[in-house]
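Notes for the one structure printed next.
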Amino acid sequence: MKADELSTPFYIVYEQKLRRNIELIKSVADEAGVEIIMAFKANALWRTFPIFREYGVSATASSLNELRLAIDELHTKVHTYCPAYTEATIGEYLDGSTHITFNSLSQAERFLPQTLAKGVSAGLRVNPRCSVIETDLYNPALPGSRFGVSADDMPESLPEGIEGFHFHALCESGPEELERVLEAFESQFGRFLPQLKWVNMGGGHLMTRAGYDTARLVEILRGFRSRYPGMKVILEPGSAWTWRTGDLITEVVDVVANQGIKTAIVDVSFACHMPDTLEMPYQPAISEATPGAPNSYRLGGNSCLSGDYVGDWQFEQPLVPGRRLTLEDMNHYTTVKTTMFNGISHPDIVLCRADGECEILRRFTYEDYKSRMS
C-alpha cells in the first residue's frame, strides 16, 4: 500500500530518513570517541526499534515505563535519570540500569548504598547555570530550577561512590551552545572532574539538522576528552534521532470565515496531536503551502478547545474539503505527547519502508480511549 492510498489522518515515518539520521549520529559517535544514546522522551515508537537495534543503539530512561520499553523492545539496559526515586521504584530502576543519575545530594545519600550493592554506576546531576535556551518552558537552567546541584551547593568532596556527572542545558541546539555550557561546567565543577569515570552531556544536540556543524561538535568532544583522559563521554539527544523523518498527513474537512479570517478545519488537532505547536509555540511547515501566495488560511483543529488553531499559511489555490496537507517533521515530541482530550482518537501510525510500501503500525480505536478512563 502506498501513502496516497491511506485514509487520513496518519503520522508517517520514513525508514530511509530514519536510517540516514542513525548513521550520521553513529558516525559522530565513532569520530569523537563518545557514546550517543536515544532519549525516549522524544521518540517511543517501539515498532521502529528493530531498525535502531541493527545499529546497536542504546537508550536513556526517565521513568519505569521507558526503562521497561528499552528492555523489552530495544533489548538493552539503560542510563537512568529521574528527578526523584522512591523506595517503591529504586529497585526496578537499578535492575534495569547500567548507570543511574541522582538529581540531588539527598537522593544520592539515600540510595547510594543500594546502587553500589547492585553494581550500578552512580552519577550526580549538576547545574552549570548556563542558560542558552530562549523558551523558558524547555530551559532547565532558569533561576530556581529543580534540576541538578549547583556548584555553590556542592560539598568539599564527592559523596563516596559517585562516578559520573550529568548535565543537561540544551534544546535543539548547535555545537556553539554546547561549547558555552561546557565552559561554564568546567569552570564550576572542574575540580571534581579528574575523580570521575564518565560525564553525560545530556540531550538537545540537534546534529541531524541541516547546517549543523558536526565537525565542530566532534572537535569539541575530542577536546574535552583530551583534557580528561580516560573519561567516558555520553550524549543522549532526543529529537536528533528522528528529526525530519516523518510527517502528519491531514485533510481539510471544512472552511469557515469570521471577521475576514478564513480557517481551514482539518481532521487533526494541534492540542491533541501536535502539542508543541501550542506550547513552544512554533508553526510547522506545510509542504503544499507557498509563502506569499494569494489564499491565506489558519488551520483549525477538530477539538472544541478555542485555542486549537495555528496559522497563517498561504496557498496558490483556495482550500476546499478533501484537500490533503502534509505537516512536516512530526516524528519527534508528537506521538509521545499526544492526548485524547475530547475523546479525539489519535491518527494512525504508519511506517514507509525503503521500497515505498507503507505498513500501518497502529490504528487507534474507541477501546484505546475507554481503557484510559475509569
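What follows is calculated from the coordinates using simple rules that are stated; it is not laboratory data. Just so you know, these numbers come straight off a predicted model, no measurement behind them. When we count neighbours, we look across all protein chains shown, and the Cβ atoms used for this are built from the backbone with ideal geometry, even at glycine.
Rounded to the nearest 20, the Cβ-based charge dipole of segment 33-242 about its Cα centre (Lys and Arg +1, Asp and Glu -1) stands at 340 debye.
Taking the Kirkwood radius as Rh and the Cα radius of gyration as Rg, segment 222-374 has a ratio of Rg/Rh equal to 1.09. With the charge dipole of the chain set up from +1 on Lys and Arg Cβ and -1 on Asp and Glu Cβ about the Cα centre, the Cα lying farthest toward the positive end among the listed residues L112, T334, Y55 is that of L112. For the cross-link pairs K2/K26; K2/K77; K41/K232, the ones whose C-alpha atoms lie over 32 Å apart are K2/K77. Of the residues P9, L299, A44, the one whose Cα sits farthest toward the positive end of the charge dipole of the chain, with +1 on the Cβ of Lys and Arg and -1 on the Cβ of Asp and Glu, is A44.
Each peptide among 57-66, 199-208, 153-162 gets the average number of other Cβ atoms lying within 10 Å of its residues, and from highest to lowest they stand as 199-208, 57-66, 153-162.
How would you order 266-278, 18-30 from highest to lowest mean count of nearby Cβ atoms within 10 Å?
Order by mean packing, descending: 266-278, 18-30.
Counting other Cβ atoms within 10 Å as a rough exposure proxy, the listed residues V149, V253 run V253, V149 from fewest neighbours to most.
Across the chain the C-alpha pair distances fall into 20 Å bins from zero in the proportions 27, 53, 19, 1 percent.
In the distance distribution for segment 33-242, Cα-Cα pairs more than 22 Å apart total 48 percent. Adding -39500 (n - 2.57) for every DSSP H run of four residues or longer, then dividing by how many residues the chain holds, sets the calculated 222 nm ellipticity at -7500 deg cm²/dmol. Out of the DSSP beta bridges found with both residues in the chain, what percent are antiparallel (nearest 5)? Rounded to the nearest five, the antiparallel share is 40 percent. Taking the Cα centre of the chain as origin and assigning +1 to Lys and Arg Cβ atoms and -1 to Asp and Glu Cβ atoms, the resulting dipole is close to 440 debye.
Descending by average beta-carbon neighbour count within 10 Å, the peptides 87-100, 237-250, 130-143 line up as 237-250, 87-100, 130-143, the highest first. Summary of the geometry: segment 298-361 and segment 191-222, compared by the centres of their Cα atoms, lie 34 Å apart. Reported to the nearest whole Å, the Cα centre-to-centre distance from segment 140-186 to segment 1-18 is 40. Computed on the Cα atoms alone, the convex hull of segment 1-151 gives a volume of 172 cubic angstrom per residue.
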